[in-house]
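> One structure coming up, written as structure tokens, with questions to follow.
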Amino acid sequence: QGDGGIVCHLYSDGYPWIFSMASPLCIAGQLAECILMIPEQVAAEMWNLDPHTLHATRIKNGLTNESYRIDGGPERIVVRISTADDNALQINRTSESIVLNLVAAVGIGVPILLCQPQFHILITREISGHNPDKYEVGDIFNLLRIAKLLHELHEMNVTQTVQQIHLVKILRGYWQLLGEPENEQAMIIAQESDAQSQRCLCHNDVHYLNLIDDGTRLWLLDWEYAGIGDPYFDLASVCCYHDFDAEQRSMFLGCYASNATQLDLARLNRMCWLFNYIKELWFAARNLSGINQ
């Protein structure tokens with residue numbers, strides 16, 4: 001149930017169908033909209049071209065989105081079709097669309113050509129490059145680059161209305177959805193995080209598959225969970241997704257903040273525990289929503 005009503009996803013010939021009800025007030029069972037999300041068609045409509053002149057190649061079959069490279073048009077682009085249950089996974093597409101334009105304007109995110117959150121469609125220019133290897137992310141060279149990228153992001157002056165990330169609210173949302181009891185340790189760390197005075201624009205999902213190395217610099221993709229929050233949650237996402245050991249966590253924090261103390265490192269370690277805990281809740285919510293079916 002979103003701004004456009006009930007949305008569900010089925011698949012035909014490898015492509016997602018998006019079924020939506022025009023309004024929560026419509027007659028139950030009345031199908032108001034049914035769109036077969038063929039990526040060539042989506043791109044052709046943007047360019048006003050014959051879709052048969054275009055060719056789509058799936059390049060990322062993600063946990064919440066599917067992405068396709070489109071060849072044959074005026075430029076090489078990427079069409080992303082979202083297949084997530086946004087409510088269950090606590091995704092705010094309206095806020096994401098604002099963030100996408102903000103980070104594209106400063107060269108942290110890829111250039112946006114079309115963003116239609118109501119239809120679960122995003123079209124961007126393709127950045128030539130590759131995803132870093134998961135186990136190379138922890139090299140000192142990449143630690144420095146990712147720390148620099150996140151520092152630039154966290155220093156951005158955001159005046160538009162972007163969602164606030166409050167970890168206590170996120171926890172309670174998942175606990176309620178899953179019917180699970182509150183976890184005392186998670187709540188204590190989340191309350192500590194929400195009370196931090198330093199709050200800034202964060203990505204919150206810095207996975208190697210969400211990074212593009214163009215040979216000169218790094219770009220960040222997939223801003224679904226971005227918002228104003230605790231920068232240490234961003235740092236924790238890097239540490240947890242790439243299985244950093246204690247030495248790598250300390251090195252990464254030092255790359256990000258040269259004046260970091262042992263208290264700061266302890267805070268990062270607590271955030272890593274919480275990040276992993278929330279990640280487990282996220283997968284449970286994803287399974288419950290049936291997205292993997």
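> Enumerate the strands (runs of 3 or more DSSP E) found wholly within segment 43-141, keeping only those where 2 or more residues are hydrophobic (A, V, I, L, M, F, W, C) and surrounded by fewer than 17 Cβ atoms within 10 Å (Cβ to Cβ).
112-116
> Out of everything in segment 238-273 that is hydroxyl-bearing (Ser, Thr, Tyr) and outside any helix (DSSP H, G or I), what residue ends up being surrounded by the most Cβ atoms within 10 Å (Cβ to Cβ)?
The qualifying residue surrounded by the most Cβ atoms within 10 Å (Cβ to Cβ) is Thr261.
> With the checklist (1) touching a Leu at 6+ places or on another chain (Cβ under 8 Å); (2) free of Cβ contacts under 8 Å to residues at least 40 places away in the same chain in hand, flag the one item Ala186 doesn't pass.
So the condition that Ala186 fails would be (2).
> Which pairs have Cβ atoms under 9 Å, sit 6 or more apart or on different chains, and link a residue in segment 275-286 that is under 14 Å from Asn204 (Cβ atoms) to one that is assigned to a helix (DSSP H, G or I) and of a type in the set (S, T, N, Q)?
Short answer, once both residue conditions are applied: Phe275/Ser237; Lys279/Ser237.
> Find the residue count for segment 122-166, including only residues that are touching a Leu at 6+ places or on another chain (Cβ under 7 Å), over 30 Å from Ser197 (Cα atoms) and in contact (Cβ under 8 Å) with a residue 60 or more places away in the chain.
Residues in segment 122-166 being touching a Leu at 6+ places or on another chain (Cβ under 7 Å), over 30 Å from Ser197 (Cα atoms) and in contact (Cβ under 8 Å) with a residue 60 or more places away in the chain: 3 in total.
> Tell me which of these Asp234 doesn't satisfy, since it passes every other one: (1) part of a helix (DSSP H, G or I); (2) of a type in the set (Asp, Glu); (3) surrounded by 13 or more Cβ atoms within 10 Å (Cβ to Cβ); (4) free of Cβ contacts under 8 Å to residues at least 60 places away in the same chain.
(4)
> Going by what's in this entry, would Arg286 be described as buried (at least 17 other Cβ atoms within 10 Å of the Cβ), of a type in the set (Lys, Arg) and under 16 Å from Asp194 (Cα atoms)?
For Arg286, the condition - buried (at least 17 other Cβ atoms within 10 Å of the Cβ), of a type in the set (Lys, Arg) and under 16 Å from Asp194 (Cα atoms) - is not met.
> Do we find that Ile212 is surrounded by 14 or more Cβ atoms within 10 Å (Cβ to Cβ) and assigned to a helix (DSSP H, G or I) in this structure?
no
> Follow-up question, since we're still on this one. So which residues in segment 248-268 are more than 21 Å from Asn142 (Cβ to Cβ) and out of contact with any helix residue (DSSP H, G or I) (no Cβ under 7 Å at 6 or more places or on another chain), if there are any at all?
Asn259, Thr261, Gln262, Leu263, Ala266
No lab work stands behind these numbers, since they all come straight from the coordinates. What you are looking at is a predicted structure, and each value in this text was computed from that prediction instead of being measured. Because the Cβ atoms are built from the backbone with ideal geometry, glycine has one as well, and the counts that use them run over all protein chains shown.
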